[in-house]
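The values are calculated or read from the model by the stated rules, or taken from the named source; none is laboratory data. What you are looking at is a predicted structure, and each value in this text was computed from that prediction instead of being measured. Please note: Cβ atoms are built from the backbone with ideal geometry, for glycine as well, and neighbour counts cover all protein chains shown. The protein model used for the area step is the full one, side chains on, heavy atoms only, and it has no ligands, DNA or RNA in it. Shrake-Rupley method; radii C 1.70, N 1.55, O 1.52, S 1.80 Å.
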Amino acid sequence: MKASILSLGLALLLIRQGAALIKCIQGDGSDLTAKDCASEEAALCYQPKFTEYTGLAAGDYGCGTCTAAGKTKDTDCTECTGNDGNACNTPVATGADFKCHTYTINEDTTAFAKKYRLRLCVDTTA
């Protein structure tokens, strides 16, 4: 009897310790809620790559690898190791304001001329 109860308890423990689903942000990025991945085999999350002064590459967020999503890792997509607590593929936080130069076109040479006085540039994408 004790052996049966012990076996049942061990079986339940092994079932509970099965692979937990990792959480990733999924979709086009409009919903940043971490969701369980559909596959227990998924160990990575992916997201569009952020490049300074350029912005985010086109693409979605999801579970799995960049390659499986049809993207090129480290070119237009980045990967991170997922876990069952929080999504690792959260969008990169950026500052809204920065200093930048303005340019004017020189009508005589049809070239751009940089003004040397910096101005405040504001991120209007938010």
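Would you tally the residues in region 1-55 being of a type in the set (S, T, N, Q), modelled with pLDDT under 90 and open to solvent by less than 100 Å² (accessible area, probe 1.4 Å)? Spell out how you get there, then give the answer.
Initial filter on region 1-55 (of a type in the set (S, T, N, Q)): 4, 7, 17, 26, 30, 33, 39, 47, 51, 54.
Then keep just the ones that are modelled with pLDDT under 90; that gives 4, 7, 17, 39, 51, 54.
Next, from what is left, pick out any that are open to solvent by less than 100 Å² (accessible area, probe 1.4 Å): 4, 7, 39, 51.
Qualifying residue count, region 1-55: 4.
Given the condition exposed (fewer than 13 other Cβ atoms within 10 Å of the Cβ), within 25 Å of the chain's Cα centre (by Cα) and at negative phi, answer yes or no: does some residue in region 107-115 qualify?
The answer is no, given that none of the residues of region 107-115 is exposed (fewer than 13 other Cβ atoms within 10 Å of the Cβ), within 25 Å of the chain's Cα centre (by Cα) and at negative phi.
For residues in region 89-103 being in a loop (DSSP other than H, G, I, E, B) and in contact with a Phe, Trp or Tyr (Cβ under 7 Å, 6 or more places away or on another chain), which is farthest from A42 (Cα to Cα)?
V92
Looking at region 56-65 only, could you name the residues that are open to solvent by 60 Å² or more (accessible area, probe 1.4 Å) and either of a type in the set (S, T, Y) or part of a loop (DSSP other than H, G, I, E, B) (or both)?
A58, D60
Looking at region 66-82, which of the residues that are open to solvent by 80 Å² or more (accessible area, probe 1.4 Å) and part of a strand (DSSP E or B) is nearest to D36 (Cα to Cα)?
T81
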